[in-house]
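Engineer: Please find one structure pasted underneath; my questions will follow.
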Amino acid sequence: MKYILALLLALACAAPAAAQDRPLAIGTLPQGSLGFAIAAGVAQVASANSDLTLRAVGQGGSSVFIPALNRGDIDFATSNAFEAVFATQGSGNFDGQPNPNLRVAALLQPFEVGIMVAADSDIRSLEDLKGRPFPVGYARQRLVGVMQQAVFDAAGIDVEELDGVPVPNFVEGAKLLAQGSVAGVMLAPGSGVVRQTNAQRPVRFISVISGEAAAARVAAALPGSYVGRVEPVERLPEIAEAVDLIGYQYALLTHADADPDTVYAVVKALAANKPALIESHGSFRRFDPAKMAVQVEGSTFHPGAIRFYREAGLWPE
């Protein structure tokens, strides 16, 4: 995938930002992740309903594609709303590394992340993970480590109480879970990685937020997040019972110098084509065009997106 990104960047440098004769890159998480599936759906639908051509480009983590977006080396990226705040301000997983050129194009859908364990495990809560081998580090996906830290801190658990196993990203953590080398891993229900792991070794999710006090602590650590309750449904065999996970909005980001007409065209195409988005990936059933412009404190929308939202009556004046 790094070669695809290099090609897209080369094409980008060879043409003005407003040109329509080159593919526009959407930086995102690796193939198999729900983030990649969302970016691929955005690319497919925006390309089919505008004069633009977009491509999802999976990378090892946001530490790669967010700085590239901030520099204008790529055109868009998908990430969650609180990471957009972290990256813009230089906090959280971007501590000391601000990316002030980031702009929000659209909020795409609610998203949940939690901890997955083996279905036959005796682990029922975060407390049960004490002393167990568990993924830590996340050198290529620091945000996963930040989220993991937030839920353990909120539960009053020191991560030093875990038997830490360094991993570069959640994909490697899932592989270790399938092998029985770790007790769990932080992932998103419904993602390709979860389905793949479940096929190798049946899995289930446990609640990671318990009580109002813990919820408040998580929300303080992850701006704009909330308790996302996930109920058992047939399409999510990994959800054996109702669980409370980290909930947040997944967002389409761009950069300050992105062509306003391009950003306008993309968000307009998405707002008008929910059925096509659902066809691209079932998670878009939760996409609500009326909520594309919901404000998250600490983030800034792109002027091209604001123009569309004003025309559509979605922008809060």
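The values are calculated or read from the model by the stated rules, or taken from the named source; none is laboratory data. Since the structure is predicted, the reported quantities are computational estimates derived from the model, not experimental observations. We place every Cβ from the backbone using ideal geometry, glycine too, and count neighbours over all the protein chains shown. We work out accessible area using only protein heavy atoms, side chains counted, and drop any ligands, DNA or RNA first. Shrake-Rupley method; radii C 1.70, N 1.55, O 1.52, S 1.80 Å.
Engineer: Label points 7 Å out from Cα along the Cβ direction at Glu127 and Trp315: separation in nm?
Structural biologist: 5.1 nm
Engineer: What part of the accessible area of the chain, given as a whole %, is carbon or sulfur when the probe is 1.4 angstrom?
Structural biologist: On the way: 6700 of 13120 Å².
Roughly 51 percent, rounded to a whole number.
Engineer: Run through the DSSP bridge list for the range 128-286 and note the antiparallel percent, rounded to the nearest 5. Let's see the in-between values first.
Structural biologist: On the way: 5 of 10 bridges.
Around 50 percent antiparallel, to the nearest 5.
Engineer: Could you tell me the extents of the chain's C-alpha atoms along the three principal axes, largest first, rounded to whole Å?
Structural biologist: Principal-axis extents of the Cα atoms in the chain, largest first: 55, 42, 41 Å.
Engineer: Per residue of the chain, what 222 nm ellipticity follows from adding -39500 (n - 2.57) for every DSSP H run with n ≥ 4, rounded to the nearest 500?
Structural biologist: Helix-only estimate at 222 nm: -11000 deg cm²/dmol.
Engineer: Right, another one. Per-residue HN-Hα couplings for the range 208-216, Karplus 6.51 cos²θ - 1.76 cosθ + 1.60 at θ = phi - 60°, whole Hz, x for Gly and Pro?
Structural biologist: 10, 10, 10, x, 5, 5, 5, 4, 5
Engineer: Per 0.36 nm of contour for each residue apart, how much would the distance between Val159 and Ala240 grow if the chain were fully extended, relative to their Cα-Cα spacing? Kindly include the intermediate steps, with their values, before the conclusion.
Structural biologist: Working: separation 81, 0.36 × 81 = 29.16 nm, distance 2.60 nm.
Length difference between fully extended and current span is 26.6 nm.
Engineer: Please check: in the Gaussian network model of the chain (C-alpha springs, under 10 Å), which one of Ser299, Ser91, Ser63 has the largest mean-square fluctuation.
Structural biologist: Between Ser299, Ser91, Ser63, it is Ser91 that shows the largest mean-square fluctuation.
Engineer: Compute the length gained on full extension between Thr53 and Asp288: take 0.36 nm times their separation in residues and subtract their Cα-Cα distance, giving the result in nm to one decimal.
Structural biologist: 82.3 nm
Engineer: Let me ask something else about it. Taking only protein heavy atoms and a 1.4 Å probe, what accessible area per residue, in Å², does the chain have with all protein chains in place?
Structural biologist: Per-residue value: 41 Å².
Engineer: Still on this structure: Sorted by mean Cβ packing within 10 Å, highest first, what order do the peptides 36-44, 64-72, 158-166 take?
Structural biologist: 36-44, 64-72, 158-166
Engineer: Could I ask something else about it? So which chymotrypsin sites (Phe, Trp or Tyr not before Pro) in the range 261-317 pass both tests, a DSSP loop state and at most 15 other Cβ atoms within 10 Å of the Cβ?
Structural biologist: In loop regions of the range 261-317 (DSSP not H, G, I, E or B), there are no sparsely surrounded chymotrypsin sites (Phe, Trp or Tyr not before Pro).
Engineer: Let me ask something else. Using only Cα atoms, locate the centre of the range 258-309 and the centre of the range 138-159, then give the distance between them in Å, rounded to an integer.
Structural biologist: Cα centres, the range 258-309 to the range 138-159: 30 Å.
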